[in-house]
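The values are calculated or read from the model by the stated rules, or taken from the named source; none is laboratory data. In this text the structure is predicted, and so the values were computed from the model without any measurement. Note that each Cβ is placed from the backbone with ideal geometry, even for glycine, and that neighbours are counted across all protein chains shown. Ligands, DNA and RNA are excluded from the accessible area calculation, which covers all protein heavy atoms including side chains. Shrake-Rupley method; radii C 1.70, N 1.55, O 1.52, S 1.80 Å.
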Amino acid sequence: MSSEEERSEDSQARELAKTYDPALTENAWYSTWLTKGVFAASSDSAKPAYSVLMPPPNVTGMLHMGHVLNHTIQDVYIRWRRMAGDESCWFPGADHAGIATQARVEKLLAQENLTRYDLGREKFLERVWQWREQYGDIILDQLRKIGVSCDWERMLFTLDESASKAVSEVFIRLFDEGLIYRGKRIINWSPLAQTALSDEEVESRETQDVLYTLRYYPEDAAEPLLVATVRPETIFGDVAVAVNPDDERYRDLIGTKVRVPLADKLVPVIADEYADPTFGTGAVKITPAHDPNDFEVGQRHDLPMPNSINPDATLNELAGEFQGLDRFDARKRIVERLRERDLIEKEEEYMHSVGYSQRGGEAVEPFLSDQWFVNMKALAAPALEVVQSGEVRFFPQHWTKTYEHWMSNIRDWCISRQLWWGHRIPVYYAPDGSFTAARSAEEACAKLGLPEDTPLRQDPDVLDTWFSSALWPLTTMRWLADGQKEQTADLAKFLPTNLLVTGPDIIFFWVARMIMMTKKFKGVIPFRDVYFTSMIRDARGRKMSKSLGNSPDPLDIIAKYGADAMRFTIIYVAPIGQDIRLKVDEKTQDIATMEIGRNFANKIWNAARFLLMKHKEVIKGVAREAHEDLPTYRYDLTDSWITSRFHETIRDTQRALQEYRLHEYAGKLYEFIWNDFCDWYVEMLKIRVAHSPTETYRQEMVNHAFLIFEGILRLLHPVMPFITEELWHAITDVDSSDSIVRAPVPTLDEARILPQETAQFRTVQSIVEELRAMRGQMNIPPHERLPITLACPDDPTSELLKSERHIITELARGSNLHIGRGLAKPAGAIATVVNGVDVFLTLKGFIDLDKEKQRLAKEIGRLKGMIKGTAAKLQNEKFLANAPASVVEHERGKLANLENTLAKLSTNLEQLAE
RNA sequence: GGGCUGGUAGCUCAGUUGGUCUAGAGCGCCUGCCUUACAAGCAGGAUGUCGGGAGUUCAAAUCUCUCCCAGCCCACCA
């Protein structure tokens, strides 16, 4: 017997446990879903397509709360659209994460006292693949725990062969078009990873340093030229000192030479606008190999560009006695030596920003080297256009500004990495130094016009991981994967995708580049809507991170609260476009907020228990069915009201989802299920069943409750997939092979939204609430039943309330209930007014005159205040002249109502005083 | 330096185009309840000069200006 059969038999037979235990359902349902293949999508389907690309998590990654938010949002949309009748396809994948993965394996090698060079490229890559086989799926297994409904058959790893083909092809095409080029430039060098980085991989941080003013002595003068620097260790790469051509102070020095301290070499003083006369001394040392600005100056003046630093950030042979020292040690030693030789004019504390590697955290070294670049300007223009025109929409919209700014000031992208783990650059070099990009060495020979057997050398570098990520919309849909086919069934069906959900931190890394590449190679946008998720922070507003110890393991949260609870909570508390703060217990890393979702799940669970109990009691042998249709029997007010509220909730939740207001989707469900369905409807069902005149009517009432509840489950399923599946099987007679995953969303019927009945029902509700409040304020013990009198202003109201007499009596704990037009206040009663109805509660011996006077006086005070405000408005001629008629009308009605209530309460107060 | 967010109850936040807003919800707090599903629950209660100031308007939490505070992003002068 398979697990799903077991469970389904089980849920029919057993009583539901008193509290919901997610551990008993979640894992079992996920494997059932996989077995049944309910997440699979087909490009052959006639249904409209809906697709989402999963941002491929790094194979080195561990699940964190950011993933939870991100994937829950995607899953909500995928599940919702699937139920709404779309061919809903979520493309999953994983990213090879060049630097991170390589670093991970190198660290393991280090434990064996090996480096990657000891193994050589091929053996090393074998080791990395082994590692990926062993650990690379952990993150995906973790994602399954939260219930993601992606089509796992379509799983793609960014280093899979099919992806590689597309990556090479794109490189070659861009190279042939001149959009990829090789150049000697200053790039950001990571001394830890020993590779180039793109500008985006560098983050700048304010750093406290010392600004040294050094003495550069002219060849034949005793007065030194003063030059300020924070990096004295780079003086061995100095090739000039620049001053501003308009700077009077140094005009005479231009063209002369000065001696670089310690380096013992003479460099020219040059004139360049780059030197800012107002900063420091106005003279700046030029070190072209170690500073991007200096590099430009060097180019303008055709200066040599000696490199004085090694790839591991130690100083090289140019540094003489300091050779081999790490850059920061060298700085200290050089400063000491400069002091000894009296070459420092002054030292001052200095705050400035320094670039750090986003991954390794070390200070990045500006480094002159040969690298590969993508010319971004040509690619950016169409990608900017589609966002500005609204073809691609950003949510929240304000991110378009950030995007526009970046795209309009775009700089070329350094794509080569001095790593081994990645897509190798398909460029071949001939012995004569010529080179080209090609699909094979043979093709390269042909392109270069060389004999077929010319020994070529392939470029040793690999591509930035984000280069392959940029092609994600294409590679997931097997572009060029099988026999170089430009068009595939998936591309035809699912591109452009509908939604991308990602963090705003990768808007440049990923979102922009996917738009560029997809536009470039397919001529279409990759996705229509981009939803930028909130950042998840701790209670103090800090990012969640392992090192801070404020990053709970979602698996622990799931174990404690359940995946549904976690999913619901995170959607419920996530405001669009703003960061989420979660209170994390410093010791246990628990997130108590998850109780919201857990309690909610438990509430739903118990509502189901109650319904099943009533079913047993009332319907007995009658089958429970899952239908779309609502019952045909004559509604009473309660049924009309709950049906109306249900359809309002359908409307509101669908609209919220369409507008990417997920917290509202969750909020509306929470409100409806807890407040309306459980607190009122279920409570009233108890009373209505007890007082129902006929068996049939009782059965219809209970049946109706089942239908509403079944609809609730389907409405809730996208955010709480597990419990809704479990209960769907428990409360309906659907075949055990069916799944709510593929059930339809409840159909909105606007005609069932009934404002009048809703208003009538609210009157009943308000009366009950007022009576409860009066009891509370008078400290009436809950068991004490007291007479209630409702004096109605007219017959319809009286009729309405009479038809709800049982409900009012029971919910307000009445002994007997008098309803009628213009009834007098009974002796010993306290009073309030609801929509013109005098509500009297006879207290008998419980009355406390002072308390009641206080209560009335307070209410009268409030009313008077409101009357004063409203009356002032209505006396204001400008208001009457300018405000729309409906507003004036409303104010008039409000005033009348307030005055009526005030009059009644004042009378009551006077009577008490007598 | 440029840009983007946000500042509403003790905490986290709603509040859509200005008018049913003398401002709501959840959590927390206080009171009373093991009421025929749920104490992970039920009923009731207290709590706010809507960051400060000015302006527009018949009408401002909502629009404009300005200042203050917090956070993020981009660009950076050694």
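Do any of A:LYS36/A:LYS686; A:LYS123/A:LYS519; A:LYS377/A:LYS522; A:LYS560/A:LYS583 go past 27 Å between their Cα atoms, and which?
Numbers: A:LYS36/A:LYS686 39 Å; A:LYS123/A:LYS519 38 Å; A:LYS377/A:LYS522 18 Å; A:LYS560/A:LYS583 16 Å.
Checking Cα-Cα distances, A:LYS36/A:LYS686; A:LYS123/A:LYS519 exceed 27 Å.
Per residue, how large is the accessible surface of the range A:146-253? Use a 1.4 angstrom probe and give square angstrom.
I get 39 Å² per residue for the range A:146-253.
Can you list residues from other chains, or at least 5 along the same chain, whose modelled amide H is less than 5 Å from the amide H of A:ALA228?
Close amide H contacts, sequence-distant or interchain: A:LEU214, A:THR281, A:ALA283, A:LYS285.
Find which of A:ILE425, A:SER31, A:SER308 sits farthest along the positive direction of the dipole of chain A, computed with +1 on the beta-carbon of Lys and Arg, -1 on that of Asp and Glu, about the Cα centre.
It is A:SER31, whose Cα lies furthest towards the positive end.
Take the Cα pairs of chain A, get the Kirkwood Rh, then feed it into Stokes-Einstein at 25 °C and 0.890 mPa s and tell me D in µm²/s. Intermediate values should be presented prior to the final figure.
Working: Rh = 33.6 Å.
It comes out at roughly 73 µm²/s.
Just to compare against my own numbers: the Cα pair-distance distribution for the range A:457-598, 10 Å bins, whole % per bin, please.
In whole percents, the pair-distance histogram is 10, 29, 24, 23, 12, 2, 0.
Tell me, what is the per residue accessible area of the range A:672-729 in Å², probe radius 1.4 Å? Walk me through the numbers on the way to the answer.
Details: 1330 Å² over 58 residues.
Accessible area per residue: 23 Å².
For the range A:683-827, what is the charge dipole size about the Cα centre, in debye to the nearest 20, if Lys and Arg each add +1 at the Cβ and Asp and Glu each add -1 at the Cβ? List each step's numbers first, then the result.
Numbers: 15 positive and 20 negative charges, 159 e Å.
With only Lys, Arg, Asp and Glu charged at Cβ, the dipole is about 760 debye.
Probe radius 1.4 Å, ligands and nucleic acids ignored: give me the carbon and sulfur share of the accessible area of the range A:584-737 as a rounded percent. Walk me through the numbers before you get to the answer.
On the way: 2550 of 5590 Å².
Heavy-atom surface of the range A:584-737 belonging to carbon and sulfur, 1.4 Å probe: 46 percent.
Please work out whether the range A:781-879 counts as rounded, prolate or oblate from its C-alpha gyration tensor, where a ≥ b ≥ c are the square roots of the eigenvalues and a/c under 1.5 means rounded, while otherwise a/b larger than b/c means prolate and anything else oblate?
Numbers: a/c = 2.81, a/b = 1.51, b/c = 1.87.
It comes out oblate by the Cα gyration axes.
Would you please report the Å³ per residue occupied by the convex hull of the alpha carbon atoms in the range A:370-520? Could the numbers behind the result be given before it?
Numbers: hull volume 21.1 nm³, N = 151.
Once divided by residue count, the hull of the range A:370-520 is 140 Å³.
Could you please put A:HIS405, A:HIS352 in sequence from largest to smallest accessible area, using a 1.4 Å probe?
Values: A:HIS405 125, A:HIS352 35 Å².
Result of the area sort, largest leading: A:HIS405, A:HIS352.
To the nearest 10 square angstrom, what accessible area does A:PHE295 show with a 1.4 Å probe?
Rounded to the nearest 10, the figure is 20 Å².
Take the alpha-carbon centre of the range A:457-522, take the same for the range A:813-827, and report the distance between them in whole Å.
Cα centroid of the range A:457-522 versus Cα centroid of the range A:813-827: 73 Å apart.
Determine the dipole magnitude for the range A:69-173: charges of +1 sit on the beta-carbon of Lys and Arg, -1 on that of Asp and Glu, nothing else is charged, the reference point is the Cα centre, and the result goes in debye to the nearest 20.
Working: 15 positive and 17 negative charges, 47 e Å.
The dipole magnitude comes to about 220 debye.
Under a 1.4 angstrom probe, counting protein chains only, how are A:ARG813, A:ARG116 ranked by accessible area, largest first?
Working: A:ARG813 90, A:ARG116 10 Å².
Final ranking, largest accessible area leading: A:ARG813, A:ARG116.
Accessible area per residue of the range A:472-602 at 1.4 Å probe, in Å²?
Details: 4920 Å² over 131 residues.
Normalised by residue count, the accessible surface of the range A:472-602 is 38 Å².
Among A:THR638, A:GLY449, A:THR101, whose Cα projects farthest towards the positive end of the dipole of chain A, with charges put on the beta-carbon of Lys, Arg (+1) and Asp, Glu (-1)?
A:THR638
Projected onto the charge dipole of the range A:633-781 (+1 at Lys/Arg Cβ, -1 at Asp/Glu Cβ, origin at the Cα centre), which of A:LEU716, A:PRO693, A:TRP728 gives the Cα projection farthest towards the positive end?
Result: A:PRO693.
Taking a cut-off of 18 Å between Cα atoms, list the lysines near A:LYS346, but don't count ones fewer than 8 places away on the same chain.
Here the lysines satisfying the reach criterion relative to A:LYS346 are A:LYS285, A:LYS332.
Helix-derived [θ] at 222 nm for chain A: sum -39500 (n - 2.57) over DSSP H runs of at least 4, divide by residue count, nearest 500?
Working: 31 runs with 390 residues, N = 914.
Result for chain A, helices only: -13500 deg cm²/dmol.
In debye, nearest 20, what is the charge dipole magnitude of chain A about its Cα centre with +1 on Lys and Arg Cβ and -1 on Asp and Glu Cβ, if you could check? Could you put the intermediate results ahead of the total?
Values: 110 positive and 136 negative charges, 578 e Å.
Charge dipole, chain A, about its Cα centre: 2780 debye, nearest 20.
Could you give the Stokes-Einstein D for the range A:668-737 in µm² per second, using the C-alpha Kirkwood radius, 37 °C, 0.692 mPa s?
On the way: Rh = 13.2 Å.
The calculation lands on 248 µm²/s.
Among A:SER369, A:SER353, what's the order by accessible area (1.4 angstrom probe), most exposed first? Provide the component values of the computation, followed by the final result.
Numbers: A:SER369 15, A:SER353 65 Å².
Largest to smallest exposure gives the sequence A:SER353, A:SER369.
Report the rotationally averaged projected area of the range A:148-264 based on its alpha-carbon convex hull, in square nanometres. It would help to have the intermediate numbers written out before the result.
Values: hull surface 59.4 nm².
If you wrap the Cα atoms of the range A:148-264 in a convex hull and average its projections, you get 14.9 nm².
Ignoring ligands, DNA and RNA, what percent of the 1.4 Å accessible area of the range A:323-464 is carbon and sulfur? Walk me through the numbers before you get to the answer.
Details: 3280 of 7020 Å².
Reported share for carbon and sulfur atoms: 47 percent.
Using a basic spin-label model with each label point 7 Å from the Cα along Cα→Cβ, how many nm lie between A:VAL230 and A:HIS405?
Distance between the two pseudo-spin positions: 2.1 nm.
Beta carbons within 10 angstrom, averaged per residue: use that to sort the peptides A:500-507, A:531-538, highest first. List each step's numbers first, then the result.
Working: A:500-507: 19.9, A:531-538: 21.8.
Highest to lowest by the protection proxy: A:531-538, A:500-507.
Kindly state, to the nearest 0.05, the FRET efficiency for A:ALA690 paired with A:ASP733, given R0 = 45 Å and r defined as their beta-carbon distance.
Details: r = 26 Å, r/R0 = 0.59.
The value I calculate is 0.95.
Taking the alpha-carbon distance from A:LYS904 and a cut-off under 19 Å, which lysines remain once sequence neighbours fewer than 8 residues away in the same chain are dropped?
A:LYS825, A:LYS851, A:LYS853, A:LYS858, A:LYS864, A:LYS868, A:LYS894
Rounded to whole Å, give me the distance from the Cα center of the range A:26-98 to that of the range A:855-914.
Using only Cα atoms, the two centres lie 56 Å from each other.
Tell me the carbon and sulfur percent of the accessible area for the range A:57-130, rounded to whole percent, probe radius 1.4 Å.
With neighbouring chains kept in place, the figure for the range A:57-130 is 51 percent.
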